Amino acid sequence: MNKKRALKMVCIILLFLVAGMLLFPWLRIGKDWYTLFAFYRSVFFEDQLREFVKITASAYFIPVFLVFGLAAGIGAGVKAVLMLFHRSCRIVTGLIYGAELVYIATMFSFGGYMPSPAALLSSLLIFTEFMVEKYAQEYEDFTKEWEFQRKKEAAEKAERKKRLSFPGKYDVQLLRIMWRETRHQKRALFLICAGNSALLGIMLFLFAMKTTLGKGYGITDELPSQGLNGILSDAVFMVVLIYLFYQAITIFYYIDRLRERQRMLWVLGAREKAKMMIQGLEYGLMVLCSLLVGTGIGTGVYGGTAVILNEQFHWKLPSGIPLEIYFLVMLFFLLMSGSAIFVTNDSLKGAGKRNVKWIPGRRMAAFLGLLAVTGLIYYVISYGQRRNAESIYSLLIGIAGSNVLFIVAFYCWKRNVYKDRSETFSQIMEKIPLQSGFLKNIGAKAALFFVHFVFLAVLSIKMAGVLAAPPAEKLYPYDYVCIAYPEDTPLFEELKKNQLAEVLNFPMTRVTTVQGEATDWIDVANNYYMSVIWPQGQHIGISQTTYQKLCREIKVAPKEFSLEKEQIHIVYQQDLSVKAHPLDWFMDRKKPYIRIGQPLRYYDYHFREQEYPPRQVKSEERAILTGVFQGGFQENLVVFSDSYFNSIRREEGPSELVLLRVKEEARKQVEEKLSVFAENHKSDSSWSRLIQPYYSKNTKVDDVESERILIMAALFMETVMLLMSLFLIQTIKLEFEKEERKKRRTLLFHLGIRRSEEIKNCRKEYRRQFFDPLIHAYILASLIAVLTCYLRDMSRSEGQRFVLILILIWGIYLAVYLLIYRTKRRESIWKSN
């Protein structure tokens, strides 16, 4: 015990040293050293961030990831005080180590500043404290384990002769018992394999289509907003997400079944090696069956789709899936299955040691509830900002994750409240639930909430946006939109003179932003901001007078605003099916970085703000004044004041916005003229092939209609997969709980409870199990729907149409779920004998 106390004091001293490191300089920018507090004071109160950026572009990121070092230092001080007063500090410990790991990772990933010895020493001290604490814990566990083993060996001496007389072979009856036990659960095991096979097959099909079309046919940018490759990428992401949910929930119930089997094998005298062989054989056969059937399904679906695309669209796809695609998908499936085996074995080994279950108290419930509410408010506010582009990560990790934390906090509080109440019949029923186990109960509800939330807040909103969007013809008020130069004036004068087209000419200037699309974590880890970013955003700059004329041409009331020198008004040209997004994606800045002129092929990132000065956004709107190009990700309208527009207009790049309305009989002649025009200005597409010298209404309408059909097909397939997974999960859950329900009914029978009263309470509990997660998902999805209407700047009529379609989709989903509920409730109650 003296050694344990000494190690604890060493940890406390190290933690106080870590906290003391915050008082020393942590980083150097240029020639100046800063403590963490001095640095944040300079950034937030003295507004010196731009000065730091001139020295190093990574100064944008430094205020973000230094928070983790600051949190680790403050947490170290808090933990030291808690340890002095012998208080629990598990949560603080996790926060310290997590924050320090993130800080170390970002310190090595992002350059541009010099960490001081204090920063490095702080990390070293935290690592040392971690090792000392780990050693102290291992020492205590080793001591307890040694005492346990000593007593166990003493108790086993009496049985040593019996164990030594073991012949080394098991009776055939043991194998028969195991075979019958497996057959008893054959329906649940079959459903697990069926679900895995279906999801694996669809995953293989989608990944093969994505890879084949992306490599061989360059379809990535063919459609207006995200392209076929983008649609398939979203579908792959969603199917993988559904598969992970399905795998996690099914393995959760499978582990419970294995615990019962382990106890039975122990009673029958089976040794550890035999247990592992039986378990491995069963799970290996399940994985093999799922793999064979899944690859067969994926191959068949791909072959049928290839034939259909060849006949309907004349896309000559390979008849078979490449071998490397089989290898990658099978490797992913085997990795997930291997991870499941690891989790299963770890859970089974630890099950026998944890005899006392941890029961969270009121303080823990209050802390988790406060954390959940805080996280929910933060992520809702973050999601409601256009610059975050309706982030799927904020939606699933932030909002849904905070609600899961709230569910845990609520049931922690509920459990502690029930402990203090009198033992009435209703309380007895609450303490003998259909699904026993605190963590098991809330884990199932949290998983069901996630599944519901994915459909209600992600898939259904995307589906409603596509269905509520106006017809494709209404997205293009002009037959042709040309981005022209002064030397092209004779061409358009000729079209006008020969009465081939109605020609509208407006002055414009090319407007370029630093970043034209979103980046992923790989780009961030590779310090993408320290070089020229591609693609850059290319948009159309116009004057306020031109903006008003364009509005009058399509009979739309222009928005009233007054612009000063460098203020801008942004017109996002997109329909309501496209997510809201910023004009400039660079680091999600509030002020877009805009250059007047064509994109730059090279510039020094240290002087990025000089080449692309930040502009203040006075107002924004969503309106289609010239047409929807690339789904509103490019060719948006940036409005300047008249005086400022005249001062910045330059000859670099196109300077004329020409809009054509063409008669049908003259379309062929106009196309011939414009093909020559496009050939003369093909260099304008050298920065990005998405940018064209002119855009044709007929081509764009076909693209939009094709994209909507493909999006709806992908969403329908994802919805079918999700509902299938939901049905299989509920069925597997009921199959694995048959014995538990029988024990519960026997107990209630001996307590003298009538069958009618039992059925009544069973129905009540089933309603809670099925509908509590659904209600949570509907509430949060309603909030997301309201934010979507706000972010996408829907008009009153558009909002009404969107909401009505969304309610209809939600109603259909509720009807299907009610059908599943009634089927499973009836099966569970009336077949529990």
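With viscosity set to 1.567 mPa s and temperature to 4 °C, compute the Stokes-Einstein D of region 1-92, Rh being the Kirkwood radius across alpha carbon pairs; µm²/s, no decimals.
Numbers: Rh = 15.0 Å.
Using the Kirkwood radius from Cα pairs, D works out to 86 µm²/s.
Quick one: if you take sqrt(5λ) for each eigenvalue of the C-alpha gyration tensor of region 623-696, what semi-axes come out, biggest first, whole angstrom?
Details: eigenvalues 117, 51, 41 Å².
Calculated on Cα positions only, the semi-axes equal 24, 16, 14 Å.
Based on Cβ point charges of +1 for Lys and Arg and -1 for Asp and Glu, what charge dipole magnitude is obtained for region 2-154 about its Cα centre, in debye rounded to the nearest 20?
Details: 17 positive and 13 negative charges, 74 e Å.
Charge dipole of region 2-154: 360 debye, to the nearest 20.
I need the GluC sites (Glu not before Pro) found in region 607-680, filtered to DSSP loop residues with at most 13 other beta carbons within 10 Å of theirs. It would help to have the intermediate numbers written out before the result.
Working: sites: 609, 611, 620, 621, 635, 651, 652, 656, 664, 665, 671, 672, 679; in loops: 635, 651, 652.
Taking region 607-680 and a limit of 13 other Cβ atoms within 10 Å, the loop GluC sites (Glu not before Pro) found are 651, 652.
For a quick check: sort 703, 604 by the number of other beta carbons within 10 angstrom, fewest at the front.
Working: 703 19, 604 11.
The most exposed by this proxy come first: 604, 703.
Quick one: net charge of residue 819's neighbours, Cβ under 12 Å, K/R +1, D/E -1?
On the way: positive: 822, 824, 825, 826; negative: none.
Neighbour charge sum, excluding residue 819 itself: +4.
Short version: what are the Cα gyration tensor semi-axes of region 680-833, square root of 5 times each eigenvalue, largest first, in whole Å?
Working: eigenvalues 539, 67, 30 Å².
They are 52, 18, 12 Å, listed from largest to smallest.
Counting only Cα, what are the radius of gyration and maximum Cα-Cα distance Dmax of region 2-154, in Å?
Here Rg and the maximum Cα pair distance are 19.3, 73 Å.
With unit charges on the beta carbons (Lys and Arg positive, Asp and Glu negative) and the dipole taken about the Cα centre of region 475-701, which residue among 562, 483, 600 sits farthest to the positive side?
562
Apply the Debye scattering formula to region 524-632, with a single equal point scatterer on each alpha-carbon and no solvent, then give log10 I(q)/I(0) at q = 0.09, 0.14, 0.20 Å⁻¹.
The Cα Debye sum returns log10 ratios of -0.28, -0.66, -1.21.
May I ask for the equivalent-ellipsoid semi-axes of region 475-701, computed as the square root of five times each C-alpha gyration tensor eigenvalue and listed largest first in whole Å? Don't jump to the answer; show the numbers that get you there.
Working: eigenvalues 173, 78, 58 Å².
After diagonalising the Cα gyration tensor, the semi-axes are 29, 20, 17 Å.
Readers should treat all values here as calculations from the given coordinates under stated rules, not as data from a laboratory. Because the structure is a prediction, the values reported are computed rather than measured. Ideal geometry is used to build each Cβ from the backbone, glycine not excepted, and the neighbour counts take in all protein chains shown.
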